[in-house]
1. Counting other Cβ atoms within 10 Å of each Cβ, which GluC sites (Glu not before Pro) in the stretch 132-191 have at most 16 and sit in a DSSP loop?
2. How many percent of the accessible area of the stretch 35-77 is carbon or sulfur, using a 1.4 Å probe?
3. Select one label from [x] 47, 39, 38; [y] 49, 47, 36; [z] 71, 42, 41: the one whose number is Cα extents along the principal axes in Å as derived from the coordinates shown.
4. Looking at the stretch 108-194, which chymotrypsin sites (Phe, Trp or Tyr not before Pro) are DSSP coil and have at most 10 other C-beta atoms within 10 Å of their C-beta?
5. Under a GNM of the chain (C-alpha, springs under 10 Å), which listed residue has the highest mean-square fluctuation: R36, R72, R140?
6. With the Cα gyration tensor of the stretch 21-63 giving a ≥ b ≥ c as the square roots of its eigenvalues, does the rule (a/c under 1.5 for rounded; else a/b larger than b/c for prolate; else oblate) give rounded, prolate or oblate?
7. Can you work out the Karplus-derived ³J(HN,Hα) for every residue in the stretch 166-173? Use 6.51 cos²θ - 1.76 cosθ + 1.60 with θ = phi - 60°, whole Hz, and x for glycine or proline.
8. Over the stretch 28-75, with the other protein chains present, what is the accessible area per residue in square angstrom, probe 1.4 angstrom?
Amino acid sequence: MTFGEQPAYLRVASDLREKIANGSLPPHARLPSQARIREEYGVSDTVALEARKVLMAEGLVEGRSGSGTYVRERPVPRRIRRSGDRPPCGANPFRQEQAEEGCRGTWESSSEQEPASAAVAARLGVEPGERVMRTRYVYRDAGEAMMLSTSWEPLCVTGRTPVMLPEEGPLGGCGVVERMAAIDVVVDNVVEEVGARPGLAEELLTLGGVPGHVVLVLERTFYASGRAVETADVVVPADRYRIAYHLPVR
C-alpha cells in the first residue's frame, strides 16, 4: 500500500477512518488487531497502537476490556436551537424547546455564592474576588444527560433581591431577561461565542463520553446598557448535538 508523506500512524488511522466512513468497518465491528494492522500495513506495533489511539481520541472506536477495540455507533446529531426570538415569559430557551418538541426534558440545578475567578470577573466586568452567584445545571432528555451549564451572576446586581437565586423564589426557573426585568434591570443585548475543546473528565463522566471526546462550549453573556448581568458556559457533546442559530433578517 502506497501512502504519502504523513507520519505512518496517521496514514494508517486515515485508511481505517475511511473504512469506518464507507461501512467496510460498520458500527460494532471489531477493529483489526494490532498484529493484523502491523501485517496489513507493514508497520511496527508502536505505529499500530498509535493509529488506534488516534481513532479512539476521535471517538470513532472504543475499547472493551478483555475483548478488543470496536467501531462506535455514530449518533445522528440533534439540534439545539438558538434564536433571536425570546420565548414567552416564564420559559427559558431550553424549557421552551422541550415544550415545542414534546421532549421529556428535566433538569437539576444547584446554586452557591463564591468569589469571582479572574476569568469570570473579566466576563462580568467586576473585580476578581467579588461575590457572584454560581448556578450549575444538568439538563436531561428522556433521562440522558445532554447539556451542562454553569452561570454566574454578580451579587452587586442581584444580591438581596427576590431573584438572587435563579431557580428559587417567585421567578425561579424563568429566563434571565424576565428575572432581571423584575428588579428593573433591562437586558438589551446578549453575546454568544461557540468553541470546541476536549471535554473535562467530570463533564464526560456526566455526559457519558470517554476521555478525548470533544465538547461544544457556548459562552453566553447578557448585558443591560453595556453592563454584564449574567454569563454562562453551556457544554454539549459535539458528536450528539449541533448548535443551530435562527437569526432574523433585518
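The values are calculated or read from the model by the stated rules, or taken from the named source; none is laboratory data. The structure presented is a predicted model; accordingly, all values stated were derived computationally and were not measured. So basically every Cβ, Gly included, is an ideal-geometry build from the backbone, and we count neighbours across all protein chains shown. Quick note on the areas: whole protein, heavy atoms, side chains included, nothing else; ligands and nucleic acids left out. Shrake-Rupley method; radii C 1.70, N 1.55, O 1.52, S 1.80 Å.
1. Counting only loop positions with at most 16 other Cβ atoms within 10 Å, the GluC sites (Glu not before Pro) in the stretch 132-191 are E167, E168.
2. 47
3. Computed from the coordinates, Cα extents along the principal axes in Å corresponds to [z].
4. Nothing satisfies the criteria.
5. Most flexible of the set in this elastic network: R36.
6. In terms of gyration-tensor shape, oblate.
7. So the J values, rounded to whole Hz, are x, 10, 10, x, x, 10, x, x.
8. 55
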